[in-house]
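The values are calculated or read from the model by the stated rules, or taken from the named source; none is laboratory data. These numbers come from a predicted model, not from an experiment. All Cβ positions, even for glycine, are placed from backbone atoms using ideal geometry, and neighbour counts span all protein chains on display. Side chains are part of the model used for accessible areas, which takes the heavy atoms of the whole protein and leaves out ligands, DNA and RNA. Shrake-Rupley method; radii C 1.70, N 1.55, O 1.52, S 1.80 Å.
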Amino acid sequence: MPPLTSLRLRRLLHHCISSPSAVLPHSLLYRKPHFTPTHFPTFSFLLSKAFSTENPIPQTPDPIAQSLSVELLKDPDLDPLPITQRLQLHFSHIKPTPCLISQTLKISPEAGRTVLGFNDWLLSDPDFSHTDETLSCLADYFGRRKDFKAAHDLLVNNKSVAGPKTLESSIDRLVRAGRPTQVLGFFDRMEKDYGFKRDKESLRLIVEKLCENGYASYAEKMVKDTANEIFPDEMICDLLIKGWCVDGKIEEARRLAGEMYRGGFEIGTMAYNAMLDCVCKLCRKKDPFRLHSEAEKVLLDMDLYGVPRNVETFNVLMNNLCKIRKTEDAMKLFYRMMGEWGCYPNAESYLILIRSLYQAARVGEGDEMIDMMKSDGFGDKLDRKEYYSFLKILCGIERVEHAMTVFEKMKADGCKPGIKTYDLLMGKWCAHNRLDRAHALYNEALKNGVPVEPKQYKVDRRYMKKTKAVKKEKRETLPEKMARKRRRLKQIRLSFVKKPKSTRRVA
């Protein structure tokens, strides 16, 4: 693609300014919708829906990256030239950068092995040479597609520049693909085949990735097999214990902890927090009434071995108490944490309690906890994602009016609502048969440039207007009319019958 001349740029700018669609706001581009009692009408919108409420309007990628992506995704049967020659022909004036490479690969997930030609085009530039960052992008791309043969060839050909980022990307993709055996083989030959340094840092990285994904047995085997070459430290031991806890095997974690103590290692707070969380989760699953007693055993072990409690210890306890609807116990533990233990809460502590208070319909206390969180300096942690979780809880317990109060607080704090936020509130107001409130939110979204897509929302039966059934007078048939007259005549005849003496009034 040749660069645009100044004359073409001026014409393009003049066209954009003179175009009415570039001046008119979104509210004028679309006709005003009309809501019916049961659903929203269907509109044809040209704007695409954003992925999440975090990014209501996705960032536009680099036009050069988009052009490169078009070439990579093009059917090779339609063009006789190989991808490398096509890129050299159309993008000879482009100087590749790590950001450009990352964006191109991110928007070309279906390119497949055509990316190998893209890599050849990069290497054909005399001013370009791979770095650890660019190599990690390519390794991550092939790993995401589970094309580990291509990733292997890439690392072998560029072993001189492979560094920590490339190692992390390669290990992460192998583990997430469910191939722990290949990870162990990778660690054995990574210094010879790929040029990675085989030391304690790389061992710790691989152990961490395996334990995070529930492969603690493979991680423990690897550590024991390499103990003569690389002696593990306390951090690796804590990661192994945490890995068994992630896998839900508390007995294995306790066995390993005993071995570590007998070997002279000190187990840190992170490992005990993982054991505490594992015990609480197992109790929640099998017998919630045993949660207090089993958690107390872990805390006593911490006191016995002199392991201090930190804020994460209390967060684990409060989170599991809130999961079994013990909000009051979690609140007491929160104030005990600050009073008795002198441990100050972090942002996660407040968020756990706010969600639990709203779930328990204690909305006033939830608002107070938000104010307390802001006064303690954690207001920056109240982002759109957290506010959306609050709104979802309040709408789930049918506190829509209070959800609107939190929604206004969200906007006052500078958090711009996204598509999911507006869609949640509009759907809930339509379920309550309050189409005026839903319509107001829809207009507000369009005014703020949020491309909300109208859809059909069902009205909850509890909030439908019940119409009184009008009884139609049934026309009396002749036999029914004659029977009614006979009954009336009988009543008249009986009215003249002389009453018995017992019922007469005594003078």
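State the label only: which of (i) 1.11; (ii) 0.95; (iii) 1.50 corresponds to Cα Rg over 2.2 N^0.38 Å computed from the shown model?
(iii)
In the stretch 363-405, what GluC sites (Glu not before Pro) fall in a loop by DSSP, with at most 16 other Cβ atoms inside 10 Å? Intermediate values should be presented prior to the final figure.
Values: sites: Glu365, Glu368, Glu386, Glu398, Glu401; in loops: Glu398.
Sparse-neighbourhood loop GluC sites (Glu not before Pro): Glu398.
Mind scanning Lys209/Lys242; Lys165/Lys200; Lys249/Lys332; Lys197/Lys242; Lys281/Lys374 and naming the pairs with a C-alpha gap bigger than 19 Å? List each step's numbers first, then the result.
Working: Lys209/Lys242 12 Å; Lys165/Lys200 16 Å; Lys249/Lys332 30 Å; Lys197/Lys242 25 Å; Lys281/Lys374 30 Å.
Among Lys209/Lys242; Lys165/Lys200; Lys249/Lys332; Lys197/Lys242; Lys281/Lys374, the Cα-Cα distance tops 19 Å for Lys249/Lys332; Lys197/Lys242; Lys281/Lys374.
For Asn448, project a label point 7 Å along Cα to C-beta. Then give me every residue of the stretch 383-397 with its amide nitrogen under 16 Å of that point.
In the stretch 383-397, the label zone of Asn448 (backbone N under 16 Å from the point 7 Å along Cα→Cβ) covers 383-392.
Report P(r) for the stretch 227-271: all Cα-Cα distances, bin width 10 Å, range 0 to the bin holding the largest distance, values in whole percent.
Spelled out bin by bin, the stretch 227-271 gives 29, 57, 14, 0 percent.
Give the ranking of Val406, Val156, Val70 by solvent-accessible surface, highest area first, calculated with a 1.4 Å probe.
Values: Val406 0, Val156 55, Val70 90 Å².
Correct descending sequence by accessible area is Val70, Val156, Val406.
Arrange the residues Leu425, Leu205 by how much accessible surface each exposes, largest first, with a 1.4 angstrom probe. Could you put the intermediate results ahead of the total?
Values: Leu425 0, Leu205 30 Å².
Descending accessible area places them as Leu205, Leu425.
Contact order normalised by length for the stretch 109-220, with contacts defined as Cα pairs under 8 Å and 6 or more residues apart; what percent is it? If you can, show how the numbers build up before the last one.
On the way: 96 pairs, mean separation 25.0, N = 112.
Once normalised by length, the contact order is 22 percent.
In debye, nearest 20, what is the charge dipole magnitude of the stretch 94-137 about its Cα centre with +1 on Lys and Arg Cβ and -1 on Asp and Glu Cβ, if you could check? Walk me through the intermediate numbers first.
Values: 3 positive and 6 negative charges, 29 e Å.
The calculated dipole for the stretch 94-137 is roughly 140 debye.
Calculated FRET efficiency, Asp380 and Arg488, Cβ-Cβ r, R0 56 Å, to nearest 0.05? Kindly include the intermediate steps, with their values, before the conclusion.
Values: r = 85 Å, r/R0 = 1.52.
Here the calculated transfer efficiency is 0.05.
Could you give the accessible area per residue of the chain, probe 1.4 Å, as a whole number in Å²? Mind showing how you got there, number by number?
On the way: 30350 Å² over 507 residues.
For the chain, the per-residue accessible area is 60 Å².
Only Lys, Arg, Asp and Glu count, each charged at its Cβ (+1, +1, -1, -1), so figure out the dipole size of the stretch 357-507 about its Cα centre, rounded to 20 debye. The partial results should precede the final answer.
On the way: 39 positive and 20 negative charges, 749 e Å.
That gives the stretch 357-507 a dipole magnitude of about 3600 debye.
Rounded to the nearest percent, how much of the accessible area of the stretch 213-297 (1.4 Å probe, protein heavy atoms only) is carbon and sulfur? Intermediate values should be presented prior to the final figure.
Working: 2280 of 4370 Å².
Exposed carbon and sulfur together represent 52 percent of the surface.
What distance in nm separates the simple spin-label points at Ala347 and Met372, each placed 7 Å from Cα in the Cβ direction?
Inter-label distance under the simple model: 1.9 nm.
Work out the FRET efficiency for Asp303 and Arg179 from their Cβ-Cβ distance, taking R0 = 41 Å, and round it to the nearest 0.05.
It comes out at approximately 0.50.
So what does Trp244 come to for accessible area, using a 1.4 Å probe and Å² rounded to 10?
Per-residue accessible area (Trp244): approximately 20 Å².
Determine the gain in length on full extension of the stretch Glu476-Leu81; use 0.36 nm per residue of separation and subtract their C-alpha separation, reporting nm with one decimal. Before the final figure, lay out each step's value.
On the way: separation 395, 0.36 × 395 = 142.20 nm, distance 9.14 nm.
So the extension gain works out to 133.1 nm.
With every protein chain left in place and a probe of 1.4 Å, what is the accessible surface of Asp436, to the nearest 10 Å²?
90 Å²
Quote the FRET efficiency, to the nearest 0.05, computed for Ser389 versus Ala440 with a Förster distance R0 of 30 Å and r equal to the Cβ-Cβ distance. Can you show the working numbers first?
On the way: r = 23 Å, r/R0 = 0.78.
Calculated value: 0.80.
Report relative contact order for the chain in percent, whole number only (criteria: Cα-Cα under 8 Å, sequence separation at least 6).
Values: 496 pairs, mean separation 73.4, N = 507.
Relative contact order for the chain comes out at 14 percent.
Taking the Cα centre of the chain as origin, sum charge times position over the Cβ atoms of Lys and Arg (+1) and Asp and Glu (-1), and report the length of that vector in debye to the nearest 20.
On the way: 86 positive and 66 negative charges, 1507 e Å.
Roughly 7240 debye, rounded to the nearest 20.
Could you tell me which of Thr181, Gly117, Leu100 has its Cα farthest along the dipole of the stretch 73-224 towards the positive end, charges placed at Cβ (Lys, Arg +1; Asp, Glu -1), taken about the Cα centre?
So the residue furthest toward the plus end is Thr181.
Using only the alpha-carbon atoms, how far is helix 419-431 inclined from the longest principal axis of the chain? Give it as 0 to 90 degrees, nearest 10.
10 degrees
Over the stretch 200-243, calculate the relative contact order: mean separation of alpha carbon pairs under 8 Å at least 6 apart, over the residue count, as a percent.
Result for the stretch 200-243 is 55 percent.
Could you state how much accessible area Thr114 has, in square angstrom rounded to the nearest 10, with a 1.4 Å probe and all protein chains kept in place?
My reading of the accessible area for Thr114 is about 40 Å².
Along the three principal axes, how long is the stretch 270-340 when you take its alpha carbons, biggest first, rounded to the nearest angstrom?
Taking max minus min along each principal axis of the Cα atoms, the stretch 270-340 gives 30, 25, 17 Å.
Counting only protein heavy atoms and a 1.4 Å probe, tell me what percentage of the stretch 306-431's accessible area is made up of carbon and sulfur. Before the final figure, lay out the partial values.
Numbers: 2690 of 5410 Å².
Summing carbon and sulfur atoms, their accessible area is 50 percent of the total for the stretch 306-431.
Need the list of aspartates and glutamates near Lys159 for cross-linking: C-alpha distance under 13 angstrom, and skip anything on the same chain fewer than eight residues off.
Asp132, Glu191, Asp193
Considering only Cα-Cα distances, which of the following residue pairs are longer than 29 Å: Lys146/Lys221; Lys106/Lys416; Lys420/Lys468; Lys381/Lys447; Lys74/Lys420; Lys146/Lys392? Kindly include the intermediate steps, with their values, before the conclusion.
Values: Lys146/Lys221 25 Å; Lys106/Lys416 26 Å; Lys420/Lys468 38 Å; Lys381/Lys447 27 Å; Lys74/Lys420 33 Å; Lys146/Lys392 36 Å.
Too far apart for the 29 Å limit: Lys420/Lys468; Lys74/Lys420; Lys146/Lys392.
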